[in-house]
């Protein structure tokens, strides 16, 4: 059976590269994308060197090339997410597109959530990609831990979308990553508070010098 190929746009940052290597470590073919294919190749080589011997299937190209994958994740800085999506709009038609971007700004010692157009980064991506099926996910998984594939990351992952098929595909992907539990969080409008809550987690991590993740009680496994 053909392996699922996942493209991660903007995968040269901590969150994108962390998700890319985590996916590759669990049987996916991953394509790292960036504005510069040479920067993507550099990050790919760093990941393969760090995890030498793991047999990771990671390719590297520009965002246009990564957008040809079966499933596409947008992991750019939040203020570049919409423009990146527009640049590859044609390649994303009919596909599940996962947004993991949080609109945050550091103000003094604290992080504060911002309100993008349409209320969330994911909502704005869906607005500019009307022929794609956008889901929001992975907002609360610590990037450093995500990229350390020597350990499982224990966290719930809230998934929301206006497309049931996108929710299903995204939840299946999350469930294939050990110790991560997908939770269907409803319509894409819920991406607004989900993205904003990342500011709270960052503040907790700074105050308590930890890497807090999210776990909900009272929900059966």
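List of remarks:
- Label zone of residue 144 (point 7 Å out along Cα→Cβ, amide N under 19 Å): in the stretch 22-64 this covers 22, 47, 50-51.
- Listed by Cβ neighbour count within 10 Å, with the fewest neighbours leading, 98, 58, 71 appear as 71, 58, 98.
- Distance between the C-alpha centres of the stretch 97-117 and the stretch 154-221: 16 Å, rounded to the whole angstrom.
- Burial ordering of 167, 76, fewest other beta-carbon atoms within 10 Å first: 167, 76
- Sum of -39500 (n - 2.57) over DSSP H runs of 4+, divided by residues of the chain (222 nm, nearest 500): -11000 deg cm²/dmol
- Least to most buried among 159, 134 (fewest other Cβ within 10 Å first): 159, 134
- Oblate is the label for the stretch 7-129. Its Cα gyration tensor axes, ordered a ≥ b ≥ c, give a/c of at least 1.5 and b/c at or above a/b.
- Taking label points 7 Å from Cα along the Cα-to-Cβ direction, residue 200 and residue 187 give a separation of 2.2 nm.
- Beta bridges per DSSP with both ends in the stretch 1-128, % antiparallel, nearest 5: 20 percent
- One chain, two ends: residue 127 and residue 68. Fully extended at 0.36 nm per residue, the span grows by 19.2 nm beyond their Cα-Cα distance.
- Cβ-Cβ FRET estimate between residue 38 and residue 3, R0 fixed at 25 Å, reported to 0.05: 0.45
- Contour excess over end-to-end distance, with Cα ends at residue 26 and residue 106 and 0.36 nm allotted per residue: 25.4 nm
- Residue separation of residue 219 and residue 83 scaled by 0.36 nm, minus their Cα-Cα distance, works out to 45.2 nm of gained length.
- Among beta bridges from DSSP that stay inside the chain, the antiparallel ones total about 20%.
- Tensor-based shape of the stretch 1-74 (alpha-carbon gyration tensor, a/c under 1.5 rounded, otherwise prolate or oblate): oblate
- Using C-alpha pairs below 8 Å separated by at least 6 residues, the relative contact order for the stretch 5-208 is 20 percent.
- The stretch 1-63, relative contact order in percent, only Cα pairs under 8 angstrom and at least six apart counted: 37 percent
Read-outs: derived from the displayed coordinates by stated rules, not from any lab. These numbers were taken from a predicted model, which means no experiment stands behind them. Neighbour counts are summed over all protein chains in view; Cβ atoms, including those assigned to glycine, are modelled from backbone coordinates with ideal geometry.
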